[in-house]
Amino acid sequence: MSPEKMVMMANQIASFFKTQPGNTDERIADHLRDFWEPRMRSQLQDYVAAGGAGLDPSVQQAARLL
């Protein structure tokens, strides 16, 4: 998937979980484990390792928990 689409989708997930109770970073990571295929998670982790431009800080932290 394009990096732009990945960033948009990941940030939408973060926006949702910020409205929910509990640890946002862990809940985002759980969602990514449950619903993103391994290649998508790997792409996200690589993107974060390269700087994570445009990603919500909670998504960056969640990617480190994967």
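The values are calculated or read from the model by the stated rules, or taken from the named source; none is laboratory data. If you're wondering where the values come from, they're calculated on a predicted model, not measured in any experiment. Virtual Cβ from ideal backbone geometry, glycine too; neighbours counted across all protein chains shown. Just the protein is used for accessible areas: all its heavy atoms, side chains included, with ligands, DNA and RNA removed. Shrake-Rupley method; radii C 1.70, N 1.55, O 1.52, S 1.80 Å.
In table form, for the structure just shown:
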read-out	value
Members of the range 35-66 found to be closer than 17 Å to residue 4 by Cα, without any contact (Cβ under 8 Å) to a residue 12 or more places away in the chain and aromatic (Phe, Trp, Tyr), listed by number	36
Residue that is hydrophobic (A, V, I, L, M, F, W, C) and not in a helix (DSSP H, G or I), where the choices are 44, 55, 32	55
Residue check, residue 25 open to solvent by 90 Å² or more (accessible area, probe 1.4 Å) and either in a helix (DSSP H, G or I) or of a type in the set (D, E, K, R) (or both)	no
Matching residues, the range 1-21, being small (Gly, Ala, Ser) and open to solvent by less than 60 Å² (accessible area, probe 1.4 Å)	2, 10, 14
Restricting the range 28-59 to residues that are acidic (Asp, Glu) and surrounded by 16 or more Cβ atoms within 10 Å (Cβ to Cβ), the residue that is nearest to the chain's Cα centre (by Cα)	56
